[in-house]
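What follows is a short report on a single structure.
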Amino acid sequence: MRQTLMSIIRSDERLHLYIRRNPSWYRRLSRDPLEFENFKREAGRFSRMSWPEKIFQLSNGLQMAQMMFALFWPTDAGGKGQKPR
């Protein structure tokens, strides 16, 4: 395999883990380095870090932050926020 591809794979932990678990990619990338884009796509699916999943994870984090904010900054009947003590 080309050294440039190996250095890219070793620098990204999820790519390195994926190629270690799927050694057939060593052969495929050695024979055809242009398969690297397919390799990255497969590794992304493996690590569940596609764009829709990242957005879903971000929205879950925002919902958690809103709940925490509501917990520490309760509102009274008038709708005005109270400062924490």
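Within region 18-51, restricting attention to residues that are loosely packed, with under 14 Cβ neighbours inside 10 Å and of a type in the set (A, V, I, L, M, F, W, C), the residue that is nearest to the chain's Cα centre (by Cα) is Met49.
Restricting region 1-17 to residues that are closer than 18 Å to Ser47 by Cβ and of a type outside the set (D, E, K, R) leaves a set whose member that is surrounded by the most Cβ atoms within 10 Å (Cβ to Cβ) is Ile9.
Only the coordinates and a few stated rules stand behind these numbers; no lab work does. Not measured: the values here are computed from a predicted model. As a convention, Cβ positions derive from the backbone with ideal geometry for all residues, glycine included, and neighbour counts pool all protein chains shown.
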